[in-house]
Amino acid sequence: MILVVGAGIAGLASALALAPFGDVVVAERRSAAAANAGAGIQLTPNAVKALAAIGAREAVAARATMPAGLRVRSAGRPRPLVDLDYKSVMERRFGAPYLTAGRVALAEGLREAVAAQPAISVRYDFAVDHLVRAGTGWRAGGDERPADFVVVADGVGSALRRQLFGDTARETPHIAWRGTAELGGSDRTELTLSAGAHLVRYAMAGGQDSGSDSGRDNVVLIDSRRRHPDALAQTPLGPSLADVANWVPWPIKVRPRARFHHASVALVGDAAHAMPPFLAQGGAMALEDAAVLGAAVAAHGLTDAAAAAFGEARAGRIRRLAAQTDRQGTIYHLGVPLSLARDAVMKRLGPDGVLARVAWIYGWEPPAG
Ligand SMILES: Cc1cc2nc3c(=O)[nH]c(=O)nc-3n(C[C@H](O)[C@H](O)[C@H](O)COP(=O)(O)OP(=O)(O)OC[C@H]3O[C@@H](n4cnc5c(N)ncnc54)[C@H](O)[C@@H]3O)c2cc1C
């Protein structure tokens, strides 16, 4: 039996990836009804390819939107710095589209794919805070059936990572705020850069249960100075915030040191390597983790070697991504005069140059087989 702890993106995706190799029990401390209404997610081509590898692309894509592109602005400047055309480029260049979706819709899509797999059962209202060694396997407490293999997918605050490695999540200087707005009329994801903060805005398609998210824009403000959105009204970012409501703080914690495995336990998603969302890749990495873990278990069975091979396959990419994420955050939040140089460089790079910087991320391919 395989125990997956956490039914977020990483947990549900891992359950799907491991379903061919045994019974999978997913333990989730929240109720089935708990939802992240009002929040959205960008799914870059690598995320969509990972979804395809675990058999969930169709269910998720049916609930997602395909923005025409990305428009990058420097707050206060009337003309965009760069306009990237995604629709014609992503599929051709990276083999999959760029999608945006509400988080509720994404969860719904993953759950639909999970429900189609008889090997997977999800137990809600079931927290696993501690693992006990049981022979070569693990017991989650009580008289539960011991698991041969455990996937730790309990998010950035992971209790199980703390048990296994003794470390905790780290606060960052940043705060994220998420809000919603009426559809702004742009068919592109809008990225607006400002001193100490940036804003991302895109449409969320609805899922059956996503009710109020359906057909609204998701707006995420990330501020390095921990200001409330109202405090930015008089800054160049102000006009971009005027029609946004329902601001909810969204703390950003990180795991600067990635941890991937311990004996026959694999750590995936934010529990393994949470990073700030400057490249919008945390969810994508969770999905990639799942696809790579599936391949490692296919090669090595439900063993320590599979967990170790998974870690080895992921470590370099995650390290490189974390470094680029940090650089991106610094560049996004530059103030005058350095922001003027950044803007000039971005204009000069143009769509092709900007895309070239993320080609190694979006160009990821799932393991064969
Ligand atoms: C502002 C912001 C914007 C972002 N935008 C993007 C984006 O556009 N694209 C992208 O790819 N990524 C994005 N990310 C990153 C992405 O949200 C995360 O990387 C991703 O959600 C991590 O998923 P996860 O399943 O690892 O963790 P989580 O989503 O935290 O899921 C963990 C699950 O485990 C459960 N759990 C916790 N403890 C226990 C326990 N003891 N027992 C049982 N269950 C437990 C929790 O209830 C939860 O359901 C963004 C992040 C932020 C903060």
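Readers should treat all values here as calculations from the given coordinates under stated rules, not as data from a laboratory. Just so we're clear, the structure is a prediction, and the values are computed from it rather than from any experiment. Here Cβ is always computed from backbone atoms with ideal geometry, including for glycine, and neighbour counts include all displayed protein chains.
Between helix 9-18 and the chain there is an angle of about 40 degrees, using the helix long axis and the longest principal axis of the Cα atoms.
Converting phi to 3J(HN,Hα) with the Karplus coefficients 6.51, -1.76 and 1.60 and the offset θ = phi - 60°, segment 176-192 yields 10, 10, 10, x, 10, 8, 4, 3, x, x, 7, 8, 10, 6, 10, 10, 10 Hz in sequence order, with x at every glycine or proline.
Counting 0.36 nm for each residue step from L338 to R30 and taking away their Cα separation leaves a gain of 106.4 nm.
Counting other Cβ atoms within 10 Å as a rough exposure proxy, the listed residues I9, I2 run I2, I9 from fewest neighbours to most. Per-residue ellipticity at 222 nm from helix content only, as computed over the chain with -39500 (n - 2.57) for each DSSP H run of at least four residues, stands at -11000 deg cm²/dmol.
Of the trypsin sites (Lys or Arg not before Pro) found in segment 235-311, the ones in coil according to DSSP and having at most 14 other Cβ atoms within 10 Å of their Cβ are R257.
Highest mean packing comes first when the peptides 31-37, 43-49 are listed by Cβ atoms within 10 Å, giving 43-49, 31-37.
Segment 3-76 and segment 224-260 have Cα centres spaced 23 Å apart.
In segment 2-362, the DSSP beta bridges split such that about 65 percent are antiparallel, to the nearest 5. Positive contributions from Lys and Arg (+1) and negative ones from Asp and Glu (-1), summed over other residues with Cβ under 11 Å from the Cβ of V336, come out at 0.
Using only Cα atoms, tell me the angle between helix 282-300 and the longest principal axis of the chain; keep it within 0 to 90° and round to the nearest 10. It is inclined by approximately 30 degrees. Computing FRET efficiency as 1/(1 + (r/R0)^6) for R170 and S88, where r is the C-beta to C-beta distance and R0 is 25 Å, gives about 0.05.
Between R348 and R320, full extension at 0.36 nm per residue minus the direct alpha carbon distance yields a gain of 7.6 nm. Shown for M275, M204, M90: other C-beta atoms within 10 Å of each C-beta, ranked fewest to most, produce the order M90, M275, M204. With everything on Cα atoms, drop me the angle between helix 338-362 and the longest principal axis of the chain, reported from 0 to 90° to the nearest 10. That works out to roughly 30 degrees. Our estimate of slack between M1 and V248, defined as 0.36 nm per intervening residue step minus the Cα-Cα distance, is 85.0 nm. Determine, for F165, F149, F21, the number of other Cβ atoms within 10 Å of each Cβ, and report the residues in order from fewest to most. Ascending Cβ contact count within 10 Å gives the list F165, F21, F149. Placing a label point 7 Å from the Cα of A62 along the Cα-to-Cβ direction, none of the residues of segment 1-23 has a backbone N under 16 Å of that point. Per-residue Karplus couplings for segment 53-65, computed as 6.51 cos²θ - 1.76 cosθ + 1.60 with θ equal to phi - 60°, are listed in order as 5, 9, x, 10, 4, 4, 5, 7, 4, 5, 10, 10, 10 Hz, Gly and Pro entered as x.
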